[in-house]
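Colleague: Dropping the structure in here first, questions after.
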Amino acid sequence: MNKLTHIAGKTYKIRQVFGLNLMQLTQILGLGNVAVLHRNIMSEEQYSKLNKMYRNALLVEKVVNADISPFLKSKFVNGKTLLTHLRDVNIDIYFLVWICKQLEQQCMPTPVISKSQQHQTVRLHSTQS
């Protein structure tokens with residue numbers, strides 16, 4: 001596998017897990033534009049960032065049981081969106097996983113309680129008082 005194919009596979013996985021578009025990914029990696037990514041003209045530092053993001057994406061995919069990519073810019077954890085957190089090059093992987101787990105919880109549907117269940121709960125609480 002050549003380096004360009006290797007980079008394409010990594011960028012695909014990162015984009016799939018986090019919901020990034022190519023422009024957002026190139027900005028996070030500090031590349032001038034998308035063409036730089038396609039031509040494999042990266043500095044060692046940029047390639048290192050790509051590898052770190054790829055490892056982070058693999059771990060998040062393994063631990064988080066929901067598709068969090070739709071929430072890249074729409075949900076907040078600790079006052080920031082996932083996109084803003086991803087732009088922090090020094091983000092701790094465990095903190096990133098925690099953020100993604102928080103997003104996972106936010107995207108889970110709220111259980112629907114029927115009227116009869118609500119009445120049973122009220123009766124149960126009133127008899128315990």
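The values are calculated or read from the model by the stated rules, or taken from the named source; none is laboratory data. In this text the structure is predicted, and so the values were computed from the model without any measurement. Every residue, glycine as well, gets a Cβ built from its backbone with ideal geometry; the counts of neighbours run over all protein chains shown.
Colleague: I'm checking my understanding of the structure. Among residues of segment 92-129 that are in a loop (DSSP other than H, G, I, E, B) and modelled with pLDDT under 90, which one is farthest from residue 52 (Cα to Cα)? Quick ask: steps written out before the conclusion?
Modeller: Let us first name the residues in segment 92-129 that are in a loop (DSSP other than H, G, I, E, B), namely 92, 108-114, 129.
Filter once more, so that each one left must be modelled with pLDDT under 90: 108-114, 129.
Working: 108: 28, 109: 32, 110: 34, 111: 37, 112: 40, 113: 43, 114: 46, 129: 56 Å.
So, considering only residues that are in a loop (DSSP other than H, G, I, E, B) and modelled with pLDDT under 90, the one farthest from residue 52 (Cα to Cα) is 129.
Colleague: What do you reckon, is residue 73 in a loop (DSSP other than H, G, I, E, B) and modelled with pLDDT under 95?
Modeller: Against the criterion (in a loop (DSSP other than H, G, I, E, B) and modelled with pLDDT under 95), residue 73 qualifies.
Colleague: Sort out which residues of segment 51-67 are part of a helix (DSSP H, G or I) and of a type in the set (D, E, K, R), and write them in order of number.
Modeller: Result: 52, 55, 61, 62.
Colleague: May I ask you to list the residues in segment 45-102 that are surrounded by 14 or more Cβ atoms within 10 Å (Cβ to Cβ), farther than 23 Å from residue 26 by Cβ and of a type in the set (S, T, N, Q)?
Modeller: Scanning segment 45-102 gives a single hit, 102.
Colleague: Right, something else. Residue check: is residue 48 out of contact with any Gly (no Cβ under 7 Å at 6 or more places or on another chain), polar (S, T, N, Q) and in a loop (DSSP other than H, G, I, E, B)?
Modeller: No, not satisfied.
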